[in-house]
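Here the structure comes first, spelled out in structure tokens, and everything after it is commentary.
The values are calculated or read from the model by the stated rules, or taken from the named source; none is laboratory data. Predicted model only: the values in this text are computed from it and were never measured. Glycine also receives a Cβ, built like all others from the backbone with ideal geometry; neighbour counts cover every protein chain displayed. Just so you know, the surface numbers come from the protein's heavy atoms only, side chains and all, with ligands and any DNA or RNA stripped out. Shrake-Rupley method; radii C 1.70, N 1.55, O 1.52, S 1.80 Å.
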Amino acid sequence: MEEFSYAVKAICAASAAVCLIEYTTAGSCMKRQIKMLLDLIMAVIILTPFVRGTVTFELPELRGISPPRQEEAAELYKEQLCRQTAENIGAVLHQQIAAAGVKCESVGIEVNISDDGSICINRVTISTEDFAAAAEIVRNSLGSDTEVLNGDP
């Protein structure tokens, strides 16, 4: 720790000296040469503790943390994809129902995504006052086979 303290003090002193010398040689024709020389001195001061080996950095061991398995990652991805797809489809259906002039509180979608990437909309739950009109809009958009449920209790 004493070596580290010494290194910090040396860097601070060298920085102050660099600033002072640059300030006094601001108008000099050798400004670039002096700046390069001072930068080299600063680099030597900074690198000296590392070359001596007095300053070391240790990274903690990560034994208790296990990486996620491939199957878990794939399952999490599929769940997130289903959730995001359901939200997107629900938002579009909600906009279509609202555009038709039907007041709709919420649209819930149940989605399955197969291994080949096909999206299957199993069920749509609508909370609205005019269920028949909203169900017709959903069936026109998604197909007449779509199961539409009334979400009002």
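Think of each Lys and Arg Cβ as +1 and each Asp and Glu Cβ as -1; about the Cα centre, that makes the dipole of segment 20-153 roughly 1280 debye. Counting heavy atoms of the protein chains alone, E2 has an accessible area of about 150 Å² for a 1.4 Å probe.
Using alpha carbons only, what's the Rg to Rh ratio of the chain with Rh from Kirkwood?
Working: Rg = 34.1 Å, Rh = 22.5 Å.
Reported Rg/Rh, Kirkwood definition of Rh: 1.52.
In the chain, helices alone account for a calculated mean residue ellipticity at 222 nm of -20000 deg cm²/dmol, with every DSSP H run of four or more residues adding -39,500 (n - 2.57). For segment 1-125, the solvent-accessible area of protein heavy atoms averages 79 Å² per residue (probe radius 1.4 Å; ligands and nucleic acids excluded). Summing charges over neighbours of V18, with a neighbour being any other residue whose Cβ is under 11 Å away from its Cβ, gives -1 when K and R count +1 and D and E count -1. Straight-line reach from K31: taking Cα to Cα under 30 Å and skipping same-chain neighbours fewer than 8 places apart, the lysines in range are K9. Screening the chain for DSSP H helices whose Cα atoms reach 18 Å or more along their own axis and whose mean Kyte hydropathy is at least 1.6 gives nothing. Partners of K103 within straight-line reach, counting aspartates and glutamates whose Cα lies under 12 Å from its Cα and excluding those fewer than 8 residues away in the same chain: E129, D130.
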